[in-house]
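*Asks:* Just passing along the structure, written as structure tokens.
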Amino acid sequence: MSRVTKTHPRAESLRIRERLVDGFKYGLVVPDGLTAHGRGEAFDYILGERTSKSARKAIEAAVAEMLLAKHPVISVNGNVAALVPAEIVELAKLVEAKIEVNLFHGSKKREVAIAKYLRKHGAEEILGVYFKFSTWIPEINSNRRKVDRRGIVASDVVLIPLEDGDRADALRRLGKRIIAIDLNPMSRTARAADIAIVDNITRSLPLMIETAKGLSQKPREELRKISEKFDNRGNLKASLRFMLERLENLSRE
Ligand code: PTJ
């Protein structure tokens with residue numbers, strides 16, 4: 001039950017914060033996750049807290065790639081679990097992706113808490129929590145190097161929402177296609193990804209679900225065309241232009 005009054009002018013934004021704060025209290029989110037959210041919020045404010053045309057294009061390409069993939073994986077950290085648990089589970093079912101818990105600030109206790117929370121929201125199999133399936137990717141410098149042999153190791157396409165940087169690069173060097181969700185179009189993750197969705201995960205996940213319902217009915221050839229014509233660099237520039245134009249318009253008001 002939300003503690004935010006419905007009439008508050010920033011009600012939606014406060015409700016999202018509330019989910020993270022609750023996630024912190026339940027042991028899903030680290031303190032750094034709260035500050036990471038603050039950074040995201042600042043970019044979202046500039047976007048006008050809505051999904052741009054370029055983000056919609058990226059969402060379409062991302063879902064097409066996930067549907068085309070042989071072994072798609074959705075990587076989940078503390079913030080993602082706290083913000084969109086049910087949506088992660090629904091998207092994974094629609095595109096037949098595996099869900100893997102992968103944390104920057106490694107903690108067995110938090111891995112288990114996140115897996116339990118996702119199961120409470122309908123997930124059946126959660127990877128990344130059993131030591132016997134763990135292996136380490138030497139190319140990654142952080143705790144994120146610990147991955148599941150049945151998941152990220154075997155994957156061809158990985159969705160990495162709200163990332164911290166070098167993993168996107170390392171996974172690409174290992175031949176995987178990388179999809180990022182990041183409100184900051186200048187982040188290393190957004191630039192290193194094959195497809196970066198510059199949008200709030202709380203808006204983009206429901207849109208990915210809707211898109212997956214539509215695209216799963218289309219022939220593979222059509223999905224291939226959507227994915228091939230996507231240009232991440234060009235799309236990131238369009239996201240930046242969208243932000244710039246909004247700031248220019250605001251400065252003239
Ligand atoms: O749970 P852990 O241990 O894996 O840690 C998770 C965090 C998020 C703390 C970790 O991955 C981290 O430190 O991330 P960064 O380097 O702060 O990067 C997170 C990126 O996500 C930043 O570029 C933010 O702008 C962006 N971001 C934050 N909130 C959202 C977001 N992007 C989309 N939607 C959001 N709600």
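The values are calculated or read from the model by the stated rules, or taken from the named source; none is laboratory data. This structure is a prediction, so every number in the text was calculated from the model and none was measured. Positions of Cβ are backbone-derived with ideal geometry, glycine not excepted, and every protein chain shown enters the neighbour counts.
*Asks:* With Asn249, Asn143, Asn232 as the choices, which residue is more than 18 Å from Pro72 (Cα to Cα), polar (S, T, N, Q) and crowded, with 17+ Cβ neighbours inside 10 Å?
*Replies:* Asn232
*Asks:* Between a first residue in the range 87-108 that is more than 19 Å from Ala168 (Cβ to Cβ) and a second residue that is at pLDDT 95 or above and small (Gly, Ala, Ser), which pairs have beta carbons less than 6 Å apart while being 6 or more apart in sequence or on different chains?
*Replies:* Note: pairs meeting the criteria are Val89/Gly122; Val89/Ala123; Leu94/Ala212; Val95/Ala212.
*Asks:* Only one of these is assigned to a helix (DSSP H, G or I) and modelled with pLDDT of 95 or more: Leu223, Leu183, Leu171. Name it. Even if it seems obvious, please write down each step before you answer.
*Replies:* Values: Leu183 fails: assigned to a helix (DSSP H, G or I); Leu171 fails: modelled with pLDDT of 95 or more.
Only one candidate passes the filter, namely Leu223.
*Asks:* Follow-up question, since we're still on this one. Tally time: how many residues in the range 214-229 are surrounded by 18 or more Cβ atoms within 10 Å (Cβ to Cβ) and more than 15 Å from Asp194 (Cα to Cα)?
*Replies:* Residues of the range 214-229 surrounded by 18 or more Cβ atoms within 10 Å (Cβ to Cβ): 215, 223, 226-227.
Now restrict to residues that are more than 15 Å from Asp194 (Cα to Cα): 215, 223.
Number satisfying all stated conditions: 2.
*Asks:* Which one of these does Val158 not meet: (1) of a type in the set (Val, Ile, Thr); (2) under 15 Å from the mean Cα position of the chain (by Cα); (3) away from the ligand (no atom under 16 Å from the Cβ)?
*Replies:* (3)
*Asks:* Looking at (1) in contact (Cβ under 8 Å) with a residue 24 or more places away in the chain; (2) assigned to a loop (DSSP other than H, G, I, E, B); (3) away from the ligand (no atom under 16 Å from the Cβ), which is the only condition Gln217 fails?
*Replies:* Among (1) in contact (Cβ under 8 Å) with a residue 24 or more places away in the chain; (2) assigned to a loop (DSSP other than H, G, I, E, B); (3) away from the ligand (no atom under 16 Å from the Cβ), Gln217 violates only (1).
*Asks:* Out of the range 155-198, which residues are buried (at least 21 other Cβ atoms within 10 Å of the Cβ) and among the acidic types (Asp, Glu)?
*Replies:* The answer is Glu163, Asp182.
*Asks:* In the range 6-35, how many residues are over 19 Å from Asp182 (Cβ atoms) and more than 10 Å from the ligand (Cβ to nearest atom)?
*Replies:* Here the count works out to 16.
*Asks:* Quick check on the range 161-188: of everything there that is acidic (Asp, Glu) and within 11 Å of the ligand (Cβ to nearest atom), which residue is nearest to Ala42 (Cα to Cα)?
*Replies:* Top of the filtered list is Asp182.
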